[in-house]
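In what follows, a structure is listed as C-alpha cells, so that the remarks can point back to it.
Read-outs throughout are calculated quantities, based only on the coordinates presented, and are distinct from any laboratory measurement. This is a predicted model, so every value here is computed, not measured. In this analysis, Cβ positions are derived from the backbone assuming ideal geometry, glycine residues included, and neighbour counts consider all displayed protein chains.
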C-alpha cells in the first residue's frame, strides 16, 4: 500500500479521534508507564473527534497533516512555524501513529514532510517536547534530535518532565529522515 501525507480535513475527525483517543496511540504510549489514576478517561473517541472539529474550524488545517494508507488515517503530525519552544523557528506539537502501523516508517515520513515543508518556508531549526514516560525518545534521537532542555510536563493528570529535543539545523533532520525510508510517500497538497 502507498502512504499518502495530506492536510487533515473535517472528514478525518472521526478517524483522528480513534488515532489520538480511543486512545489507541495515546494509551499504547502511556499505559503501564504512568499511573492509571492519572488518565482522563472522559476522553472518548467521540469527544476527541469533536475536539478535532473545533480545532480545525478555529485554526484551519494548515498545522495538521494526516498519514493515510488506502482510505485509512493511520497517523498525524501537528507542526508550525510559531516557535513555541524558545530558540527554535518551529515546533512539532504532536505526532501519533496507530500502534498497528508503528515501526514501518510512517513517523519518519511525517517528520520528513513537516521538516521539508518548514525548510521550504525558510525555517532553519525545529524542536519538540517528549515527556519522560514516552517510549519515543530513541526515535527522535535516531533522527538526530538532541536534548536541549527539560521543563515541567503533563500527560493527562500526570505531572512529569518534558524533554525538549532540538534540531539546530533542520537539514540534518531532513537528511536523516530521508535515509532508508520504508515508505516513499505520495503527498497531496
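If we count other beta carbons within 10 Å of each Cβ, what is the order of 48, 94, fewest first?
94, 48
Would you work out if segment 86-180 is rounded, prolate or oblate? Take a ≥ b ≥ c from the square roots of the eigenvalues of the alpha-carbon gyration tensor; rounded if a/c is under 1.5, else prolate when a/b is larger than b/c, oblate otherwise.
Cα axes put segment 86-180 in the oblate bin.
Listing 97, 123 from the residue with the fewest other Cβ atoms within 10 Å to the one with the most, what is the order?
123, 97
Run the quick spin-label model on residue 58 and residue 142: label points 7 Å from Cα toward the beta carbon, then report their separation in nm to one decimal.
Placing both labels 7 Å along Cα→Cβ, they lie 3.6 nm apart.
In nm, to one decimal, how far is the modelled label at residue 9 from the one at residue 71, with both set 7 Å along Cα→Cβ?
Label at residue 9, label at residue 71, 1.3 nm between them.
Compute the distance in nm between two label points, each set 7 Å from the Cα along the Cα-to-Cβ direction, one at residue 161 and one at residue 179.
Distance between the two pseudo-spin positions: 2.8 nm.
Subtracting the Cα-Cα distance from 0.36 nm times the residue separation, let me have the gained length for residue 46 to residue 120 in nm, one decimal.
In short, 23.1 nm is gained.
For the residues 47, 139, 76, 88, what sequence is obtained by ranking on other C-beta atoms within 10 Å, fewest first?
So the ranking, lowest neighbour count to highest, is 47, 139, 88, 76.
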